[in-house]
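First the structure, in the form of C-alpha cells, and then the observations on it.
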Amino acid sequence: MTPVRVPQEERTRAMRARLLEATVELLVERGFAGTTTTLVSERAGVSRGAQLHHFPTKNDLVFAAVEHLTRMRGEFLAEAVATLPATANRTRSVLGMLADHFTSPVFTAALELWVAARTDPDLLALVEPLEQRVGRETHRLTVELLGADESRDGVRELVQATLDLVRGLGLASTISDDSKRREHILDRWAMVLEEQL
C-alpha cells in the first residue's frame, strides 16, 4: 500500500497552525517577553528554517498569532453560547460564560499582547483594531443574550459595565485564584441586572 501524500498547501497550513498554537501557548506560559521564535519553533516541532520562512521576525509571528487569537476568542464565545441553558437563571449563566471567557488561557494570551502593545506602536496598530472588533462583537452578543433593550436609558452603560466587570475579574485571576470571590460578585451582579434590565 502506498502512503497518501498530503498536498503541500495542506502541510503548509498545518505547520502554520502549529506555529500559531505554540505562540499562543507560550504567551500564556512565559508572557510576551519570554516568547521567542526559537521556543515557538521547538514547541511546534518545526525546523527553525521553516519557521523563519513563514514568519521571518518575532513581530511577523506575533501579528499572525494576534489574528489567530482573535478567531479563537470568537470560536470560544460561540461554543459557550451554544451550551447556555435556557433556564430561569439565564442572566447568571451569561455572566458565568463571560467570566469563563475572561479567565481562559485565550484571554491571558490576549492580555499579554495588550501589555506589549502599550509600548510597541507596530504591535498596537495591529492589536487595537482587532480588540475593538472583539469588543464590539462581545458587547453585541451580551446584549442579545441578556435580552437587553439598549434604547432604554442607561442600558448600554449597564451592559458595558458588565463587560468591564468580568474583564476586571479575569485580570484579577491572572494573579491569584479568586474564583470564590468572583462567584459571589457575579451572583450579586446578576441580581442587579435582573432588576435593571
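Quick notes on this one:
- Candidate set from the range 24-46 (those that are among the aliphatic types (A, V, I, L, M) and not in a helix (DSSP H, G or I)); member that is surrounded by the fewest Cβ atoms within 10 Å (Cβ to Cβ): ALA33
- Number of the condition not met by LEU61 [criteria: (1) among the aliphatic types (A, V, I, L, M); (2) free of Cβ contacts under 8 Å to residues at least 40 places away in the same chain; (3) part of a helix (DSSP H, G or I)]: (2)
- Test set (1) in contact with a Phe, Trp or Tyr (Cβ under 9 Å, 6 or more places away or on another chain); (2) of a type outside the set (Ser, Thr, Tyr); (3) surrounded by fewer than 18 Cβ atoms within 10 Å (Cβ to Cβ) - MET191 fails condition number: (1)
- Restricting the range 152-188 to residues that are free of Cβ contacts under 8 Å to residues at least 24 places away in the same chain and basic (Lys, Arg) leaves a set whose member that is surrounded by the most Cβ atoms within 10 Å (Cβ to Cβ) is ARG156.
- Scanning the range 108-151 for residues that are among the hydroxyl-bearing types (Ser, Thr, Tyr) and surrounded by 11 or more Cβ atoms within 10 Å (Cβ to Cβ) yields THR108, THR138, THR142.
- Set side by side, the residues ALA88, ALA99, ALA80 differ, and just one is over 28 Å from MET15 (Cβ atoms), surrounded by 12 or more Cβ atoms within 10 Å (Cβ to Cβ) and either modelled with pLDDT under 85 or touching a strand residue (DSSP E or B) at 6+ places or on another chain (Cβ under 9 Å) (or both), which is ALA80.
- Only residues that are within 14 Å of THR142 (Cβ to Cβ) and more than 9 Å from the chain's Cα centre (by Cα) were counted in the range 78-105, giving 15.
- Among the residues of the range 39-53, none qualifies, meaning not one is farther than 21 Å from GLU144 by Cβ and touching a residue at least 40 places away in the same chain (Cβ under 8 Å).
The values are calculated or read from the model by the stated rules, or taken from the named source; none is laboratory data. Since the structure is predicted, the reported quantities are computational estimates derived from the model, not experimental observations. For neighbour counting, all protein chains shown are included, and Cβ atoms are generated from backbone atoms with ideal geometry for every residue, glycine included.
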